[in-house]
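Working notes, beginning with the structure itself.
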């Protein structure tokens with residue numbers, strides 16, 4: 001009986017640890033979502049600014065040669081933002097998978113405990 005009490009304590013500590021990990025992952029998930037929304041806002045403002053410049057049909061004051069370098073810089077920024085968004089989506093997917101896996105493991109653990117304590121074959 002003492003051994004099952006120790007096992008229960010260990011299981012409760014393990015479950016507490018998993019709960020803490022799930023909370024941490026949930027916080028990371030929230031941070032990634034906030035960062036994703038922030039990046040979407042930046043992209044939208046860059047697109048709006050670009051459209052405004054295009055609609056005004058005014059070349060930059062630096063001259064036409066600087067226009068191509070500005071376009072190249074914009075393309076590099078957009079490429080970098082797309083890579084960042086892709087990485088954030090990947091991280092979010094991994095975090096969601098981990099949370100689901102931990103929930104399943106916790107459920108299986110509780111089921112095994114119930115079987116043991118209620119002597120279910």
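The values are calculated or read from the model by the stated rules, or taken from the named source; none is laboratory data. Please read these numbers as outputs of a predicted model, since none were measured by experiment. Because the Cβ atoms are built from the backbone with ideal geometry, glycine has one as well, and the counts that use them run over all protein chains shown.
Output the number of residues of the range 111-121 satisfying the condition of being part of a helix (DSSP H, G or I) and farther than 19 Å from residue 13 by Cα.
Result for the range 111-121: 1.
On the basis of being closer than 23 Å to residue 98 by Cβ, in a helix (DSSP H, G or I) and touching a residue at least 24 places away in the same chain (Cβ under 8 Å), does residue 18 make the cut?
It is true that residue 18 is closer than 23 Å to residue 98 by Cβ, in a helix (DSSP H, G or I) and touching a residue at least 24 places away in the same chain (Cβ under 8 Å).
Give me a count of the residues in the range 41-59 that are without any contact (Cβ under 8 Å) to a residue 24 or more places away in the chain and in a helix (DSSP H, G or I).
Residues meeting the conditions: 12.
Looking for whichever is in a helix (DSSP H, G or I) and modelled with pLDDT under 80 here; the options are 8, 25. Which one fits?
None of the others qualify; the one that does is 8.
Yes/no matrix, rows are residues, columns are (1) modelled with pLDDT of 85 or more; (2) within 20 Å of the chain's Cα centre (by Cα); (3) within 30 Å of residue 3 (Cβ to Cβ); (4) not in a loop (DSSP other than H, G, I, E, B):
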| residue | (1), (2), (3), (4) |
| --- | --- |
| 70 | no, no, no, yes |
| 75 | yes, no, no, yes |
| 96 | yes, yes, no, yes |
| 109 | yes, no, yes, yes |
